[in-house]
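Student: One structure follows; several queries about it will come next.
The values are calculated or read from the model by the stated rules, or taken from the named source; none is laboratory data. Note that the structure is predicted; figures quoted are calculated from it, not measured. Every residue, glycine among them, receives a Cβ derived from its backbone with ideal geometry; neighbour counts consider all protein chains shown. Note: areas computed on protein heavy atoms with side chains; ligands, DNA, RNA excluded. Shrake-Rupley method; radii C 1.70, N 1.55, O 1.52, S 1.80 Å.
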Number of protein chains: 2
Amino acid sequence: MRQFVVIGHDAPTTPDFSLDDLAGAAGRLDVLCRCVTSAFFLSHAIREAVRVQLVLADEYTVTFDGSELRRLNPDERSTAALVRNALEEREEAIGHVPVETSPGVSLTRRGFEATLDDVAGDGSVVQLHEDGEPVVDVEPPTDPVFVLSDHRDFEAGETDRIAAHADERLSLGPEPLHADHAITVAHNYLDTEGFERY
Amino acid sequence: MRQFVVIGHDAPTTPDFSLDDLAGAAGRLDVLCRCVTSAFFLSHAIREAVRVQLVLADEYTVTFDGSELRRLNPDERSTAALVRNALEEREEAIGHVPVETSPGVSLTRRGFEATLDDVAGDGSVVQLHEDGEPVVDVEPPTDPVFVLSDHRDFEAGETDRIAAHADERLSLGPEPLHADHAITVAHNYLDTEGFERY
């Protein structure tokens, strides 16, 4: 299983946003939507052994589970609609119990720390960092959990939390990438078993 | 210079489409918009030595030139608006003379064959193919011209045309990727000089 946790610092926590302005008033939800697309889509197929956690303003987490996903389309707007639907049921999310809001999509009332602490038990937490070890120099991890940030840098507390869990600090290349592009490169690294299997 | 030619088989050729339905009535313009984003965006920077040609239904080509680009944002909707603006000036595009429709964006009245014939002179045409040689086994090309297709496969005539120009047929990995994801992987391959420089 490959997991991706994406922090949406400015993401909405209520469904009162317009699908027409994802990059503006909706707090750069466009970035998070592209992360979902990068994580799941192959040509004409969904990657089933993938889970994505979108952390919305440290308050809610929307989970997409590849093995259960239905009605996911690759465009930003339709993915944002799934997030909005999830937020419409936020009152049902009590404690840390997730609410399934559409097939394969669920909402949990918890922020970054609780989400990371939870998924950290599932595999190796990987911190992507420009000064990290080149991915090509390490054995591709089994069950990796990649932690990424939206258009903003990680905050100090987030970095500390990731470092506390992280088994490895890896670099995907010399250029700083958008989170969704980093997901695509990480998949390619794992698909090719470290750029060896084509 | 890295170039990407993307064929939009069902893309609109008039500006009469809604930005609210890019994945539907606008002929999967969402795919082409994500290709533009993947081609140009780094975190907090634009790749200047990149050019993208979106071929719209074999009738018009919209060119994005990284060295001149202004007003490009990473979300699909705003990129689609640039394409729509370009199509609004389609009557001005006479012969094969491009019309600049916003800074770094121009429209030319020509289809795939004429566009490919033109850019083929700029560098090495690379055909991406699942049965191609693994990218990791070849020297990264200088001035590559990657040719990609939207959600549909290449048509027979297109494949023949590409093969006639292609210097290399390369595989990016064992999984079939969306065009925008292929662009991201191609950039990573080139940024790392064949997965060697991190």
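Student: From the label point of B:Glu193, set 7 Å from Cα along Cα→Cβ, how far away are the matching label points in the other copies, in nm, ordered shortest to longest?
Tutor: So the label point of B:Glu193 gives 2.8 nm to the other copies.
Student: Here is a follow-up. In Å and whole numbers, how far do the C-alpha atoms of segment B:72-182 stretch along each principal axis, longest first?
Tutor: Projected onto its principal axes, the Cα set of segment B:72-182 covers 44, 31, 27 Å.
Student: Then there's this: Determine the distance separating the Cα centre of segment A:171-188 from the Cα centre of segment B:1-26; give it in Å without decimals.
Tutor: 25
Student: Can you give the extra length, in nm with one decimal, that the chain gains between A:Asp137 and A:Ala163 once fully stretched, where that is 0.36 nm per residue apart less the Cα-Cα distance? Intermediate results must be reported in sequence, preceding the final value.
Tutor: Numbers: separation 26, 0.36 × 26 = 9.36 nm, distance 2.00 nm.
Gain on extension, A:Asp137 to A:Ala163, equals 7.4 nm.
Student: While we're here: For peptide A:44-51, what's the mean number of Cβ atoms from other chains within 10 Å of each residue's Cβ? Let's see the in-between values first.
Tutor: On the way: counts 4, 2, 0, 1, 0, 0, 0, 0.
For this peptide, the per-residue mean of nearby foreign Cβ atoms is 1.
Student: If I ignore ligands, DNA and RNA and count only protein heavy atoms, how much of B:Glu130 is accessible to a 1.4 Å probe, in Å² to the nearest 10?
Tutor: 140
Student: Let me cross-check A:His44: its accessible surface, 1.4 Å probe, with only protein heavy atoms counted, in Å² to the nearest 10?
Tutor: 150
Student: If you don't mind, another one. For the protein assembly as shown, just the Cα set please: Rg and Dmax, both in angstrom.
Tutor: Answer for the protein assembly as shown, Rg first and Dmax second: 20.6, 65 Å.
Student: For B:182-188, what's the mean count of beta carbons from other chains sitting within 10 Å of each residue's beta carbon?
Tutor: 6
Student: Counting only protein chains, not ligands or nucleic acids, how are A:Ile46, B:Ile162, B:Ile94 ordered by accessible area (probe 1.4 Å), most first? Working shown, then result.
Tutor: Numbers: A:Ile46 55, B:Ile162 0, B:Ile94 120 Å².
From most exposed to least exposed: B:Ile94, A:Ile46, B:Ile162.
Student: Right, next: Per residue of A:69-76, how many C-beta atoms from partner chains lie within 10 Å of its own C-beta, taken as a mean? Show your work: numbers first, answer last.
Tutor: Working: counts 0, 0, 0, 0, 3, 10, 13, 9.
Per residue, the average neighbour count from other chains is 4.
Student: Using only alpha carbon pairs under 8 Å that are at least six residues apart, calculate the relative contact order of segment A:67-143 and give it in whole percent. If you can, show how the numbers build up before the last one.
Tutor: Values: 58 pairs, mean separation 17.2, N = 77.
Once divided by the residue count of segment A:67-143, the mean separation gives 22 percent.
Student: I need two numbers for chain B: Rg to one decimal and Dmax as a whole number, Cα atoms only, in Å.
Tutor: Rg, Dmax (Cα atoms, Å): 15.8, 48.
Student: While we're looking at this one, here's another question. Cα centroid distance between segment B:39-53 and segment A:138-154, in Å?
Tutor: Centre-to-centre distance over Cα atoms comes out at 23 Å.
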